[in-house]
Amino acid sequence: LKFKSDAALLSGKRVVITAGPTREAIDPVRYLTNHSSGKMGYALADQAARMGADVTLISGPVTLPTPTNVTRINVTSAREMAQAAEKSALRADLFIGAAAVADYHVANAETQKHKKQSGQTGWTLQLAENPDIIARIARHEQRPGIVVGFAAETADVVHYAQDKLQRKNLDWIVANDVSRSDIGFNSDDNQVVVFGRDGQQFDLPQQSKSQLAGALLALFMKD
Ligand code: CTP
Ligand code: CA
């Protein structure tokens, strides 16, 4: 996959990308989250803008700067991300779900700081499932032209990735093994396997997230 010759590959295209973790409130001072750094989603947004796309980046809380020529919408919870994504992504040319969306929110979240109750039986959080943002977008009647998911797995990467591709009605899924500390979540490099809905498989070698972003965008738009 070439890189430089793809400079205008996305000109006139509308691209929407989710990135980063979400945060699910327990009370006003505490939350549940995950290890996503947002680096892969931000690299995709940056490269898509360089390739001429009109890019909207829907971002959970991360410490990264907004890439040049990218419109960034900040969100906190998965339910906020779902709302922002449905507003921006319908009828887009390309939607990429790079966010590590929390699967659950706290159903018994408290509006005041929870006070420690020493000697009691502990504190039980009840978790309720969050909406599946990408599955909803990929099944919408105004579905974007191409929908791409990410699958961060710690085991059986191929099996789970292919299952998600079908279950969520995606065109592509990008799978990586987050049990390796040298690639994935907070690393600057990544190594992925990409599966397409027609059974295609592409193994992309370990490289920087920005190089990988260019290769992935070229792949998604190749036909
Ligand atoms: N995703 C989403 N909304 C959710 C959960 C996941 O849009 N509520 C998207 C992610 O952004 C990613 C893809 O779905 O593109 C796969 O996420 P993943 O967490 O691997 O899938 P899950 O269906 O949540 O399965 P798992 O039990 O492995 O977490
Ligand atoms: Ca999940």
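Please treat every number below as a calculation from the coordinates, not as lab data. All values reported here derive from a predicted model rather than from experimental measurement. Here the Cβ is made from the backbone with ideal geometry for all residues, glycine too, and neighbour counts use every protein chain on show.
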Query - Partner aspartates and glutamates for residue 13 [C-alpha distance under 18 Å; skip if fewer than 8 residues away on the same chain] - result: 46, 54, 86, 93, 171, 223
Query raised in the report: Stokes-Einstein at 25 °C, 0.890 mPa s, Kirkwood radius from Cα pairs: D for the stretch 78-223 in µm² s⁻¹?
Result: 143
Query raised in the report: If you line up the long axis of helix 39-50 against the longest principal axis of the chain, both from Cα atoms, how many degrees apart are they, to the nearest 10?
Result: 40
Query raised in the report: Under a point-charge model restricted to the Cβ atoms of Lys and Arg (+1) and Asp and Glu (-1), what is the dipole moment magnitude of the stretch 78-183 relative to its Cα centre, in debye to the nearest 20?
Result: 420
Query - Helix-only CD estimate at 222 nm, as mean residue ellipticity for the chain, using -39500 (n - 2.57) per DSSP H run (n ≥ 4) - result: -7000 deg cm²/dmol
Requested in this report: Kindly express, to the nearest 10 degrees and within the range 0 to 90, the angle between helix 209-220's C-alpha long axis and the longest C-alpha principal axis of the chain.
Outcome: 60
Requested in this report: Report the convex hull volume per residue for the stretch 153-223, counting only C-alpha atoms, in Å³.
Outcome: 84
Query raised in the report: If one takes the longest principal axis of the Cα atoms in the chain, at what angle in degrees, from 0 to 90 and to the nearest 10, does the Cα axis of helix 157-167 lie?
Result: 90
**Report entry** When each of 115/168; 168/209; 39/115; 39/116 is checked by Cα-Cα distance, pairs over 30 Å
**Finding:** 115/168; 39/115; 39/116
Report task. Go ahead and set up a Gaussian network model of the chain, Cα springs under 10 Å, then flag whichever of 14, 180, 91 fluctuates most. Result -> 180
Query raised in the report: Using alpha-carbon pairs under 8 Å, 6+ residues apart, how would you state the relative contact order of the stretch 16-163 in percent?
Result: 27
**Report entry** Most fluctuating residue given options 12, 52, 149, as computed from a GNM of the chain linking Cα atoms under 10 Å
**Finding:** 12
Requested in this report: Note the direction-averaged projected area, equal to a quarter of the hull surface, for the Cα convex hull of the stretch 3-54, in nm².
Outcome: 4.5
Report task. Would you list, by chain and number, the aspartates and glutamates whose Cα falls below 12 Å from the Cα of residue 222, excluding same-chain residues fewer than 8 positions away? Result -> 6
Requested in this report: Please identify, among 127, 212, 57, the residue showing maximal mean-square fluctuation in a Gaussian network model of the chain using a 10 angstrom Cα cutoff.
Outcome: 127
Report task. Between the alpha-carbon centers of the stretch 143-168 and the stretch 177-202, tell me the distance in whole angstrom. Result -> 11
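For the stretch 22-112, what does the alpha-carbon gyration tensor say about shape, rounded, prolate or oblate, given a ≥ b ≥ c as the root eigenvalues, a/c under 1.5 as rounded, and a/b over b/c as prolate?
On the way: a/c = 2.66, a/b = 1.92, b/c = 1.38.
In terms of gyration-tensor shape, prolate.
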